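J.: Pasting in a structure now, in structure tokens, and then I'll have a few things to ask.
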Amino acid sequence: MTAQLIDGNALAQQVRGEVAHRVQALKARGVEPHLVVILVGEDPASQVYVKHKVNDSSQTGLKATLERYPADMAEADLLARIRALNADAGVHGILVQLPLPKHMDADKVIETIAPAKDVDGFHVQSAGALMTGLPGFWPCTPHGCMKMLESIGYPLRGKHAVVIGRSNIVGKPMALMLLAQDATVTICHSRTADLKAQTLQADVVVAAVGKRNVVTADMVKPGAVVIDVGMNRDDAGKLCGDVDFAGVKEVAGWITPVPGGVGPMTRAMLLVNTIEAAERAAG
Ligand code: GUN
């Protein structure tokens with residue numbers, strides 16, 4: 001193995017420690033930072049995710065409230081609830097777990113969240129803030145990836161980063177964050193012709209496709225940083241990423257594992273956004 005591991009669990013623990021300090025500082029000023037997580041319906045994966053989010057928050061001293069609603073909740077009622085939370089000065093962050101039931105328009109729901117409380121960073125105003133460099137909330141997954149690059153002291157200026165995946169919550173924001181650090185960025189996707197020709201030029205590869213073995217050892221420049229955002233299952237049902245870890249770790253300079261890489265960092269960055277929202281509200 002040539003690659004050094006970027007340990008998402010260890011880094012997330014450090015980030016949570018920093019959040020816990022900020023929470024205490026805010027509480028000393030009489031403000032209790034508060035995240036509200038909304039879950040509509042019974043999606044099994046979503047139930048696990050929201051439990052993690054609430055537990056992570058409690059661990060750092062952040063107040064987190066889970067609001068659960070039935071799958072047949074009317075969209076108008078959800079929008080009304082979000083508007084009430086927007087107006088509640090005691091609530092600093094609002095997260096609506098996705099996916100929502102099919103009868104709801106997820107875009108409309110997300111756009112109803114006040115941008116100042118959009119700790120997921122999914123609102124168009126959050127996306128616009130990232131695009132223009134104005135203060136806002138960055139989506140947690142790419143933000144966590146940037147923290148991982150920062151943790152190894154990797155100088156991005158002038159480097160070539162290839163991002164594979166063009167989702168609004170990972171690929172596109174990731175590309176903007178890298179660009180803001182003066183990297184040269186190529187955004188690819190699963191249908192990019194000769195993806196290997198692109199990745200072989202990359203100093204940093206970020207894989208966010210949601211498919212196994214998108215990145216194999218022959219596609220990686222020796223010494224490159226490989227960040228694996230994927231969350232898939234292998235034939236044995238074991239959690240794996242988009243990167244062929246066993247092969248790529250023999251070529252890369254740094255690599256993130258799955259599990260224990262980007263996942264814990266995504267969760268940690270939600271806490272960062274929430275304490276940030278509360279600090280901004282407190283002035
Ligand atoms: N569903 C899966 N991941 C996420 C996430 O990061 N935020 C929300 N709101 N829903 C999700």
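J.: Out of the residues in the stretch 82-104 meeting the condition of being in contact (Cβ under 8 Å) with a residue 12 or more places away in the chain and more than 15 Å from the ligand (Cβ to nearest atom), tell me which one is nearest to Gln47 (Cα to Cα).
T.: Taking the candidates together, the pick is His103.
J.: Any chance the stretch 195-203 includes a residue that's at positive phi, assigned to a loop (DSSP other than H, G, I, E, B) and not β-branched (Val, Ile, Thr)?
T.: No - not one qualifying residue is present in the stretch 195-203.
J.: How do the pairs read when you match residues in the stretch 211-232 that are touching a residue at least 60 places away in the same chain (Cβ under 8 Å) with residues anywhere that are aromatic (Phe, Trp, Tyr) and not in a loop (DSSP other than H, G, I, E, B), using Cβ under 6 Å and keeping only pairs 6 or more apart or on different chains?
T.: These pairs meet every condition: Val225/Trp254.
J.: Right, next: Test Leu130 against the criterion of being under 20 Å from Ala224 (Cα atoms), in a helix (DSSP H, G or I) and either out of contact with any Asp or Glu (no Cβ under 9 Å at 6 or more places or on another chain) or within 16 Å of the ligand (Cβ to nearest atom) (or both), and give yes or no.
T.: no
J.: For the stretch 136-162, enumerate the residues that are in contact with a helix residue (DSSP H, G or I) (Cβ under 9 Å, 6 or more places away or on another chain), outside any loop (DSSP other than H, G, I, E, B) and within 16 Å of Met265 (Cβ to Cβ).
T.: Matches in the stretch 136-162: Cys140, Thr141, Pro142, His143, Gly144, Cys145, Met146, Lys147, Met148, Leu149, Ser151.
J.: Considering only residues that are exposed (fewer than 13 other Cβ atoms within 10 Å of the Cβ) and assigned to a helix (DSSP H, G or I), which ones fall in the stretch 26-58?
T.: Within the stretch 26-58, Ala28, Pro44, Ala45, Val48, Asn55, Ser58 meet the criteria.
J.: Another question, if that's okay. Look at the stretch 243-269 and say how many of its residues are part of a helix (DSSP H, G or I) and within 11 Å of Val205 (Cβ to Cβ).
T.: Here the count works out to 1.
J.: Of everything in the stretch 2-45, what is touching a strand residue (DSSP E or B) at 6+ places or on another chain (Cβ under 9 Å), hydrophobic (A, V, I, L, M, F, W, C) and over 21 Å from Val119 (Cα atoms)? Give them in sequence order.
T.: Residues satisfying the conditions are Ala3, Leu5, Ile6.
J.: Here is a follow-up. Quick check on my filter: what residues within the stretch 233-244 are of a type in the set (A, V, I, L, M, F, W, C) and either in contact (Cβ under 8 Å) with a residue 60 or more places away in the chain or surrounded by fewer than 20 Cβ atoms within 10 Å (Cβ to Cβ) (or both)?
T.: Matches in the stretch 233-244: Ala236, Leu239.
J.: If you check Ala197 against the conditions, is it out of contact with any Lys or Arg (no Cβ under 6 Å at 6 or more places or on another chain) and either under 21 Å from Asp107 (Cα atoms) or at pLDDT 95 or above (or both)?
T.: It is true that Ala197 is out of contact with any Lys or Arg (no Cβ under 6 Å at 6 or more places or on another chain) and either under 21 Å from Asp107 (Cα atoms) or at pLDDT 95 or above (or both).
The values are calculated or read from the model by the stated rules, or taken from the named source; none is laboratory data. Because the structure is a prediction, the values reported are computed rather than measured. FYI the Cβ positions are ideal-geometry reconstructions off the backbone, even for glycines, and counts take in every protein chain you see.
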